[in-house]
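The values are calculated or read from the model by the stated rules, or taken from the named source; none is laboratory data. Note that the structure is predicted; figures quoted are calculated from it, not measured. Here the Cβ positions follow ideal geometry from the backbone for every residue, glycine too, while neighbour counts run over all protein chains shown.
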Protein chains: 2
Amino acid sequence: MPDPHDCPGCAAPDLAFAAHDHAHCAHDALNRAEALTAATGARLTPVRRRVLEILLEEHKALGAYDVLSRLAQEGFGNQPPVAYRALEFLVDQGLAHRIQRLNAFTACTHMGEDHAPAFLICRGCHSVAEAAATAARAAVETEAARAGFQVERTTIEALGLCPACRVPA
Amino acid sequence: MPDPHDCPGCAAPDLAFAAHDHAHCAHDALNRAEALTAATGARLTPVRRRVLEILLEEHKALGAYDVLSRLAQEGFGNQPPVAYRALEFLVDQGLAHRIQRLNAFTACTHMGEDHAPAFLICRGCHSVAEAAATAARAAVETEAARAGFQVERTTIEALGLCPACRVPA
DNA sequence: CTATGTATGTAATATCATAACACGTCAACC
DNA sequence: GGTTGACGTGTTATGATATTACATACATAG
Ligand SMILES: [Zn+2]
Ligand SMILES: [Zn+2]
Ligand SMILES: [Zn+2]
Ligand SMILES: [Zn+2]
C-alpha cells in the first residue's frame with residue numbers, strides 16, 4: 001500500500017488530468033472520507049461506501065443507474081432509490097458532486113476542503129476535473145449584484161478537451 | 001401597440017427583474033426574432049414562432065412538456081419531439097436558452113447580441129435573468145488553462161433570490 | 001410536374017428521478 | 001426486558017425528461 005505522504009499525484013492541482021497513481025489516489029480519498037464522516041458523526045454505511053468506491057474508480061461522472069447496476073450485481077438493492085439516496089448522502093457530505101450537465105455524479109477530489117469548484121468536462125474521454133472557481137464566482141456575484149440579485153449557489157461547468165484529448169493520436 | 005423606440009424596460013441591463021412594460025418587451029423580442037431569422041434564412045415557422053411566444057410570456061423557464069401541452073391545446077402535434085425540435089431550433093438560433101439546472105428553456109433577452117450569459121435563477125419566483133459573464137468566463141478559462149484544459153463552452157447558472165423576492169412582504 | 005430537402009406528426013422507447021410504504025436495526029429510555 | 005423513535009435499506013409504483021425511428025406534408029428548385 002502506497003505511502004500517503006509521498007505521492008506526486010496527490011499534490012497536483014489538476015489531479016484528474018495529471019498522470020498519477022490512481023489506485024493510491026482513490027485509496028487515499030476513501031480514507032479521507034472515512035475520517036471526515038467519522039468526525040461529523042455521519043455514517044458511511046456499506047452501500048454508501050461502495051458507491052463512493054465505484055465513483056472513485058475513475059475520474060469520470062457516473063449516472064445513478066450506472067451506479068445502481070453495479071450495486072445490484074453485488075447484492076445490494078436494485079431499485080433507483082438505493083443509488084439516489086447513497087449519492088445524495090455523498091453529495092450532502094461533500095464527498096461527491098453532481099454534474100448538472102451530465103445528470104451524473106463524480107467523486108470529489110478535494111474532500112474536506114470546503115470548496116465550490118468549477119468542473120472541467122472533457123468531451124473526448126468524459127473525464128471530469130475540478131478547478132478553482134473563486135474568481136469566477138466573484139465575477140458572477142458582482143454582475144448579479146448589479147441586477148439586485150443575491151446569489152446563493154453557482155454552478156459552473158466547462159465543456160471542452162482535456163490535455164490528453166487535445167492532441168490527436 | 002407600443003412604440004419600440006420609447007421603452008424604459010428595453011434599455012434596462014437587468015431586464016427580467018426590472019419593472020417594465022412586458023407586453024412591449026415580448027412583442028419587441030418577437031419582432032427581433034423575425035428580423036434575425038429572416039436575415040439568416042432560417043425559417044420561423046408557426047410552431048417555432050408559437051413556442052417562442054410561449055417562452056416570451058414570462059421571464060421564466062418552461063419545461064419542454066409545459067410547452068408541449070400548450071401547443072397541443074392549440075392544435076399542434078402533441079408528441080414530445082414537436083416541442084423538443086422547436087426548442088432546439090430556437091436555442092440553435094440564439095433565440096432561447098436552455099437552463100441546465102431546471103431542464104427547462106427560456107427566451108433570450110439579448111437576441112442577436114452573440115452573448116454567452118450567466119443565468120440568474122430566482123428560487124422564490126422562478127424568474128430567470130441573463131447577466132454578463134465575460135469576466136467569469138475568462139476566470140474559468142484561466143484556471144482551465146492551468147490544467148491544460150481547453151474550454152469550448154461554459155455553463156454558468158446562479159441560484160438565489162431576485163430583488164423582489166429578497167424582501168419579505 | 002417532379003424531385004429534393006426540410007419541417008411536422010406520431011409511435012415507441014429510453015433515460016432520469018421521486019413518492020410512498022414496509023421492514024430491520026440499534027440505541028435511548030423507562 | 002420491553003417500548004419507542006430515528007435511521008437506513010428494500011421494494012413498488014409512478015412521474016418527469018428526452019430520443020430514435022419512421023411516416024407524412026409541404027415548400028421550392030429544376
Ligand atoms: Zn486519481
Ligand atoms: Zn479527455
Ligand atoms: Zn420582459
Ligand atoms: Zn424572485
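I want to confirm something. Restricting to region B:77-113 and keeping residues that are buried (at least 16 other Cβ atoms within 10 Å of the Cβ) and of a type in the set (Lys, Arg), which single residue is farthest from A:Arg153 (Cα to Cα)?
Looking at the filtered set, the residue picked out is B:Arg98.
What number of residues within region A:55-76 are over 27 Å from A:Ala39 (Cα atoms) and surrounded by fewer than 19 Cβ atoms within 10 Å (Cβ to Cβ)?
Total meeting the criteria: 9.
Restricting to region B:125-146, name every residue that is in contact with a Cys (Cβ under 9 Å, 6 or more places away or on another chain) and at pLDDT 95 or above.
If the condition is that a residue be in contact with a Cys (Cβ under 9 Å, 6 or more places away or on another chain) and at pLDDT 95 or above, then B:Ser127, B:Val128, B:Ala129, B:Glu130 are the ones that fit.
Residues being under 22 Å from the mean Cα position of the chain (by Cα) and in contact (Cβ under 8 Å) with a residue 24 or more places away in the chain: count how many of those fall in region A:71-84.
Final tally of qualifying residues: 3.
Results for (1) farther than 28 Å from A:Arg101 by Cα; (2) assigned to a helix (DSSP H, G or I); (3) aromatic (Phe, Trp, Tyr), shown as yes or no for each residue.
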site	(1), (2), (3)
B:Ala33	no, yes, no
B:Leu36	yes, yes, no
B:Val51	no, yes, no
B:Asn78	no, no, no
B:Pro81	no, yes, no
B:Glu88	no, yes, no
B:His97	no, no, no
B:Thr106	no, no, no
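Name the single residue, out of those in region B:114-125 being surrounded by fewer than 22 Cβ atoms within 10 Å (Cβ to Cβ) and in contact with an Asp or Glu (Cβ under 9 Å, 6 or more places away or on another chain), that is nearest to the other protein chains (Cβ to nearest Cβ).
B:Arg123
Regarding B:Val51, is this residue under 25 Å from B:Asp21 (Cβ atoms) and surrounded by 17 or more Cβ atoms within 10 Å (Cβ to Cβ)?
Spelling it out, B:Val51 is indeed under 25 Å from B:Asp21 (Cβ atoms) and surrounded by 17 or more Cβ atoms within 10 Å (Cβ to Cβ).
Restricting attention to region A:146-169, which residues are within 12 Å of ligand 2 (Cβ to nearest atom), hydrophobic (A, V, I, L, M, F, W, C) and at the interface with chain B (Cβ under 7 Å from one of its Cβ atoms)?
Residues satisfying the conditions are A:Leu159, A:Leu161, A:Cys162.
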